[in-house]
Structure formats: structure tokens, C-alpha cells
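A short worksheet on the structure shown next.
Derivation of every value follows stated rules applied to the coordinates shown; laboratory data play no part. These numbers were taken from a predicted model, which means no experiment stands behind them. When we count neighbours, we look across all protein chains shown, and the Cβ atoms used for this are built from the backbone with ideal geometry, even at glycine.
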Amino acid sequence: MAPEHPRGKRTLGILVVSSLMILFGLAEVATGISGSFLGVIAAHRTLAYTLASVTIGLFYTAAGFLVLAMRKWATGAAIGLLVSDIVGRITLVAVGLFPFTGVDAYSIVAGTAIAALFAAYLGWHWDQFGEPTRP
């Protein structure tokens, strides 16, 4: 049985997840601008791809910062941004702006799965997030 944590207190798990969300979001922004991440992704560098990918990365980064607030409303917004990230990734592939062959296919599937796992983790730990205090 997991130890009971006071509401609104950051646990190691929440800190790790939010930090990774911020890091991965910034990496997504960099990928959107450069068209590659560590030389692995060879995306079609169009203005539409760049704008969509940078927006997806900013959503991911914002979600990480929102989680740090340790409030239910912020975590709900973070989950919404993660869902938008997932929908955005699927859309990039569906409209042909992101290649879905070879290593690129594995990277988009893995990245989408990680975003989904982060959203699920936040949902599973919903009770750890507090409500704003009233004066």
C-alpha cells in the first residue's frame, strides 16, 4: 500500500513527471524548429509542420508547469493539454506532415504513448492535488 501524502504536497513521482513533461516539451519545440531530434527524425519542414510541432511542444511544457502548481484545476488543464498533444501528434501523421516510416514511426508512437502515460499518471494521482485555499 502506498504511503498517504498530504494534498497539495509534491511527491517525487509528481516532480519527476512534471520535469520530464517540461523537458520533453522543450525537445518538441526544438524538433519543430530544426526538423530533427538528435538526427533521428526527418520531418517535412514546412511552415505548417513547424507551427504545429512548436505548439504541441509548448502545450507539453505548459502542462509540466501547471502540474507543479499542485492544484486540481491546473492538473485538469495539464491533462487537457496532454490530450491536445496526443491529438496533435496523430494529426501531424494523418495529414502527412510527419513521416510514419522506419525509426520515425517508432518515435512518434513512443512519444504519443509517453504523453498518454503522463496523463494517466496524473489521473491516477488526482487525489494528491489540492483545491485552492479560501480566505
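Brief remarks on what is shown
- Computed E for ILE90/ASP127 - FRET, C-beta separation, R0 22 angstrom, nearest 0.05: 0.15
- Net charge, GLY111 excluded, C-beta distance under 14 Å - Lys, Arg +1, Asp, Glu -1: -2
- For PHE59, net neighbour charge (Lys/Arg +1, Asp/Glu -1) across residues whose Cβ lies under 10 Å away: -2
- In nm, spacing of pseudo-spin labels at LEU15 and ILE33 (7 Å Cα→C-beta vector): 2.9 nm
- 3J(HN,Hα) along region 109-114, derived from phi through the Karplus expression 6.51 cos²θ - 1.76 cosθ + 1.60 where θ = phi - 60°, amounts to 5, 5, x, 5, 5, 5 Hz, with x in place of Gly and Pro.
- Inter-probe distance in nm under a simple model that places probes 7 Å from Cα toward Cβ, at VAL103 and VAL54: 2.6 nm
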